[in-house]
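A.B. asks: What follows is a structure written as structure tokens; I'll ask about it next.
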Amino acid sequence: MPQKEDRLLRVGVLGCGAIAQAAHFESCVKARNAELHSICDVAPDLLERMKWTHQPRRAYSDYQAMLADPELEAVIIATADQFHVPAARAALEAGKHVLCEKPVGVSVEEVEELRKTVRASGLVFQVGHMKRFDAGLEAARDFVEKEMGEMLALKAWYCDSTHRYPMTDAVQPAIVTSSASRRPAGNPKANRRAYYMLAHGSHLVDTARFLGGEIVEVQTRISERFGAYCWFAGASFASGALGHLDLTVAVRMDWHEGLQIYGERGSILAKTYNPWYYKTSEVDIFREATGATTRILGADGHFYRRQLEGFANTVLHGAPMRGADIDDGIACVRAMVALEQSARTGQPVKLAAVSGGLAGEL
């Protein structure tokens, strides 16, 4: 664990479900510049279990009560996607900085409205696209921005595996559940296409934007067979570079995620691992001038803890935000909606023109 600094950001986690248990509680405990000040959940049995396991200073069953705590400085929103926007708005209006799980919301309209609240608040708002804190991808970003020159094309793929859960169950803590947990109306997972796009497409899109810049148009084809979904999308970047995005859930093989970039003065080939292994991506950077390929080790692969430390550094010391801001979060939602609209119509879709969301019928 990193040594704790003298000044720690006092963080509250809203939601004691799977993502909080697997990532955010531990991140708060381990972060060098943050502490787990409070937790909140409506399920009394889950709240009690997490309180004794992670030892926050305070535990709340009421979100407004947690937000009223004058010592609390920031909130991590670790709820279902459909609750992100109202929970974020409440925190901002209470004067708390926000680190919100991805995706920031489920419709273009609600995230655009949230941006107004973020800007009016003057507070730090970061979206939990934690792959931006993968040291391998950070090295790739540095190469793209400082050395590579013009980008010709980017290919990125995110392919969940049928073997994912046996593999992650071996490395994750046992996840505690409760019948009293608050869930969205209906069953968001019943619409598999929308659910997979929100859960997995958000990673693919944000990684492509992180390295390739703004996506302005997409054209998507989709194949649904034997319970699997495959989106192949052509993408146009604002820089003029071409893109190809592959979102497949689930492949009959190991986890398959990565990217390839062709540039003016070099190229990048990356293999990314299942995130719960906390293993830095293997990123090979080839420099045309030297004819050599380099790869950083990235020994610290705890993306969630590194994400929180970056967030805390911005809040406490005014450091530039390294993570995704509200505009990045909105662009990601726009891209996912555009991908699905194009898949339905078979026509190219410009991101600036899209509206609607991914929570309802597709």
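The values are calculated or read from the model by the stated rules, or taken from the named source; none is laboratory data. This structure is a prediction, so every number in the text was calculated from the model and none was measured. Because the Cβ atoms are built from the backbone with ideal geometry, glycine has one as well, and the counts that use them run over all protein chains shown.
A.B. asks: Could you list, in sequence order, all residues of segment 328-352 that are among the hydrophobic types (A, V, I, L, M, F, W, C) and either at pLDDT below 95 or surrounded by 15 or more Cβ atoms within 10 Å (Cβ to Cβ) (or both)? Working first, answer last.
C.D. replies: Looking only at segment 328-352, we keep the residues that are among the hydrophobic types (A, V, I, L, M, F, W, C), and these are 330-333, 335-339, 343, 349, 351-352.
Those that are among the hydrophobic types (A, V, I, L, M, F, W, C) and either at pLDDT below 95 or surrounded by 15 or more Cβ atoms within 10 Å (Cβ to Cβ) (or both): Ile330, Ala331, Cys332, Val333, Ala335, Met336, Val337, Ala338, Leu339, Ala343, Val349, Leu351.
A.B. asks: May I pose another question? Which one of Tyr273, Tyr262 is aromatic (Phe, Trp, Tyr), closer than 30 Å to Leu242 by Cα and over 22 Å from the mean Cα position of the chain (by Cα)? Full working, then the answer.
C.D. replies: On the way: Tyr273 fails: over 22 Å from the mean Cα position of the chain (by Cα).
After ruling out the rest, the residue left standing is Tyr262.
A.B. asks: Hey, among Leu308, Leu316, Leu259, Leu247, which residue is touching a residue at least 24 places away in the same chain (Cβ under 8 Å), within 25 Å of Gln126 (Cβ to Cβ), outside the structural domain of Ile222 (by TED's automatic domain parsing) and buried (at least 19 other Cβ atoms within 10 Å of the Cβ)? Reasoning before the result, please.
C.D. replies: Details: Leu316 fails: buried (at least 19 other Cβ atoms within 10 Å of the Cβ); Leu259 fails: outside the structural domain of Ile222 (by TED's automatic domain parsing); Leu247 fails: outside the structural domain of Ile222 (by TED's automatic domain parsing).
Every option except Leu308 fails the conditions.
A.B. asks: Suppose we filter Arg182, Arg209 for residues that are closer than 26 Å to Ala80 by Cα and either among the small types (Gly, Ala, Ser) or in a loop (DSSP other than H, G, I, E, B) (or both); which single one remains? First the steps, then the outcome.
C.D. replies: Working: Arg209 fails: either among the small types (Gly, Ala, Ser) or in a loop (DSSP other than H, G, I, E, B) (or both).
On inspection, the qualifying residue turns out to be Arg182.
Here's the yes/no breakdown for (1) within 26 Å of Val118 (Cα to Cα); (2) assigned by TED's automatic domain parsing to the domain that holds Pro184; (3) crowded, with 20+ Cβ neighbours inside 10 Å:
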site	(1), (2), (3)
Leu46	no, no, yes
Met50	no, no, yes
Arg57	no, no, no
Ser61	yes, no, no
Gln64	yes, no, no
Pro70	yes, no, no
Ile76	yes, no, yes
Ala80	yes, no, no
His84	yes, no, yes
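A.B. asks: Kindly provide the set of residues from segment 248-278 that are closer than 20 Å to Asp134 by Cα and part of a strand (DSSP E or B), ordered by number.
C.D. replies: His256, Glu257, Gly258, Leu259, Gln260, Ile261, Ser267, Ile268, Leu269, Ala270, Lys271, Thr272, listed by residue number.
A.B. asks: Could I ask something else about it? Find the residue count for segment 95-122, including only residues that are part of a loop (DSSP other than H, G, I, E, B) and surrounded by 18 or more Cβ atoms within 10 Å (Cβ to Cβ).
C.D. replies: Within segment 95-122, the first condition is being part of a loop (DSSP other than H, G, I, E, B), and the residues that meet it are 95-96, 102-106, 122.
Pick out the ones that are also surrounded by 18 or more Cβ atoms within 10 Å (Cβ to Cβ) and you get 96, 102-106.
Residues meeting the conditions: 6.
A.B. asks: If you go through segment 319-351 one residue at a time, how many are in contact (Cβ under 8 Å) with a residue 40 or more places away in the chain and outside any helix (DSSP H, G or I)?
C.D. replies: Taking segment 319-351 as the starting set, the residues that turn out to be in contact (Cβ under 8 Å) with a residue 40 or more places away in the chain are 321-340, 342-343, 346-351.
Now narrow it down to the ones that are outside any helix (DSSP H, G or I): 321-325, 346-350.
Within segment 319-351, residues that are in contact (Cβ under 8 Å) with a residue 40 or more places away in the chain and outside any helix (DSSP H, G or I) number 10.
A.B. asks: Only one of Cys159, Cys230 is free of Cβ contacts under 8 Å to residues at least 24 places away in the same chain, touching a Ser or Thr at 6+ places or on another chain (Cβ under 8 Å), at negative phi and not in a helix (DSSP H, G or I). Can you tell me which?
C.D. replies: On the way: Cys159 fails: free of Cβ contacts under 8 Å to residues at least 24 places away in the same chain.
Just a single option satisfies the conditions, and that option is Cys230.
A.B. asks: Residues that are under 24 Å from the mean Cα position of the chain (by Cα) and closer than 23 Å to Phe133 by Cβ: does segment 57-72 have at least one? So that I can check it myself, show each step before the final result.
C.D. replies: Here is the first cut: in segment 57-72, the residues under 24 Å from the mean Cα position of the chain (by Cα) are 63, 67, 72.
Then drop every residue that is not closer than 23 Å to Phe133 by Cβ, which leaves none.
Scanning segment 57-72 turns up no residue that is under 24 Å from the mean Cα position of the chain (by Cα) and closer than 23 Å to Phe133 by Cβ.
A.B. asks: Looking only at segment 63-96, how many residues end up being on the phi > 0 side of the Ramachandran plot and of a type in the set (A, V, I, L, M, F, W, C)? Break it down into steps so the answer makes sense when it comes.
C.D. replies: Initial filter on segment 63-96 (on the phi > 0 side of the Ramachandran plot): 95.
Checking the rest, the ones that are also of a type in the set (A, V, I, L, M, F, W, C) come to none.
Of the residues in segment 63-96, 0 are on the phi > 0 side of the Ramachandran plot and of a type in the set (A, V, I, L, M, F, W, C).
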